[in-house]
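Student: Before I ask anything, let me first share the structure, which is written out below as structure tokens.
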Amino acid sequence: MPYFSIIVPVYNRPAEVEELAESLTLQTCKDFELILVEDGSTLPCSEVIEKYKEKITVRYFFKENSGRSLTRNWGMERAEGEYLVFFDSDCVIPPTYFQTVKATLDRQYTDCYGGPDRADDSFTGLQKAISFSMTSFLTTGGIRGSKKSLEKFTPRTFNMGFSKKVYREVGGFEDMFGEDIDLSLRIREAGFNTQLIPDAFVYHKRRVSLKSFYRQVHVFGMARVDLSLMHPGSLKAVHLLPTLFLLGSVLLLLFSLWYPAASLPLWFYFLAIFVSASIEYKRLSVGALSIITSSIQLYGYGYGFLKAFIKKAVLKRNDRESELDKYYKKK
């Protein structure tokens, strides 16, 4: 019986699955099974995954489309491992990942852990810029797995694991957007400890355009309001920063019509992003792209949060946001 059960929902992503499976064959610790659950795909990955069955333990399933949350739950019900691990299909796993996780759990066991995501050198400039905007302390406050963070670390399903005991006592993912944050909060509320394993990182190869990236972060902002209503006290100051940045930017630009110097703090901030991203990825083009992606991340999230907050917290219209449902059904 394997120690780890890796559960990956997939929908029309055979190329991503091949990269993920290939990276798993290179693991220095192979005490795992891969449970790949095809969520009603019209472009299945059955042929792709077949060639990896002699290299790693793979269990492939095909089911009707139900969305990623219920698909992960479906996979958990069939898992044989003692520890359940979750990746997105667009992740590539470094060779020492499971060796690192197992050593950490042997030394300091916790029933739930999470790790950060990074961009590999092989990623495109846009992928690196999006990774920067999603992981940099300058843009997100380090809440996705940085050692320096403005909020207590919350594991997410691009890189997350928990024990069978957690699953039995807390249950699975809710059919909603922000389902991984919701489950992490329920795990914490149930009294389980959670730890960040900084060296257990994954390469998150997001294949998105600027348009789809905006739509994604916009929905993230909207979902955060739902999560705050479901888990009173979970909303922290860091979650408000993108909205404050949005409102502050508007005010600075308005004041700059009369006092041009009023906009200087904004330009200095984007200069800091350019310099930081350029140094991190050693390319000025990535620094320039990071200004664009960071703007999308901050303004898109901030507007989504503001819109949902006015509707649900101010106007008390607490029905589920139709835009969230439309986005979720495509996943």
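Student: Cut-off 18 Å, label point 7 angstrom out along Cα-to-Cβ of Asp106: give me the residues of segment 13-37 whose amide nitrogen falls inside.
Tutor: Only 27-33 pass the distance filter.
Student: Where in the chain lies the longest segment free of chymotrypsin sites (Phe, Trp or Tyr not before Pro) that are both loop residues by DSSP (not H, G, I, E, B) and have at most 12 other Cβ atoms within 10 Å?
Tutor: Excluding the exposed sites themselves, the longest stretch runs over 110-257.
Student: Here's another thing I want to ask about it. Output wanted: per-residue J couplings in Hz (rounded whole) for segment 128-140, from phi through Karplus 6.51 cos²θ - 1.76 cosθ + 1.60, θ = phi - 60°, x for Gly and Pro.
Tutor: 5, 5, 5, 4, 4, 5, 8, 10, 5, 4, 5, 10, 10
Student: Checking the cross-link filter: which aspartates and glutamates have an alpha carbon closer than 16 Å to that of Lys128, excluding same-chain neighbours under 8 positions apart?
Tutor: By straight Cα distance, Lys128 reaches Asp90, Asp117, Asp120, Glu280.
Student: Please list, by residue number, every one of the GluC sites (Glu not before Pro) in segment 55-98 that is coil in DSSP and has at most 14 other beta-carbon atoms within 10 Å.
Tutor: Counting only loop positions with at most 14 other Cβ atoms within 10 Å, the GluC sites (Glu not before Pro) in segment 55-98 are Glu64, Glu80, Glu82.
Student: Using θ = phi - 60° and the Karplus relation 6.51 cos²θ - 1.76 cosθ + 1.60, list the HN-Hα couplings for segment 99-110 in order, rounded to whole Hz, with x at every Gly or Pro.
Tutor: 4, 5, 5, 4, 5, 5, 5, 5, 7, 8, 5, 9
Student: Calculate the spin-label point distance for Lys152 paired with Leu251, positioning each point 7 Å from the Cα along the beta-carbon direction, and give it in nanometres.
Tutor: About 3.1 nm, to one decimal.
Student: What are the ³J(HN,Hα) couplings of segment 257-268, residue after residue, when phi is run through the Karplus curve with 6.51, -1.76, 1.60 and θ = phi - 60°? Round to Hz, x for glycine and proline.
Tutor: Couplings: 5, 9, 10, x, 5, 4, 8, 4, x, 5, 5, 5 Hz.
Student: Could you tell me what percent of the DSSP beta bridges with both partners in the chain are antiparallel, to the nearest 5? Spell out each step's value before the answer.
Tutor: Values: 11 of 34 bridges.
Counting only bridges with both partners in the chain, antiparallel ones make up about 30 percent.
Student: For Val208 and Leu229 in the same chain, what is the full-extension length gain: residue separation times 0.36 nm, less their Cα-Cα distance, in nm?
Tutor: 4.6 nm
Student: Kirkwood hydrodynamic radius, computed over distinct alpha-carbon pairs, for the chain: how many Å, to one decimal?
Tutor: Over the chain, the inverse of the mean reciprocal pair distance is 20.8 Å.
Student: Oh, and also: Given H placed on each backbone N at 1.01 Å, which residues far from Ile35 in sequence or on other chains put an amide H within less than 5 Å of it?
Tutor: Ile6, Ile7, Val8, Arg59
Every read-out reported here was derived from the displayed coordinates using simple, explicitly stated rules and does not represent laboratory data. Note that this is a predicted model, so its numbers are computed, not measured. Cβ atoms come from the backbone with ideal geometry, glycine included; neighbour counts cover every protein chain shown.
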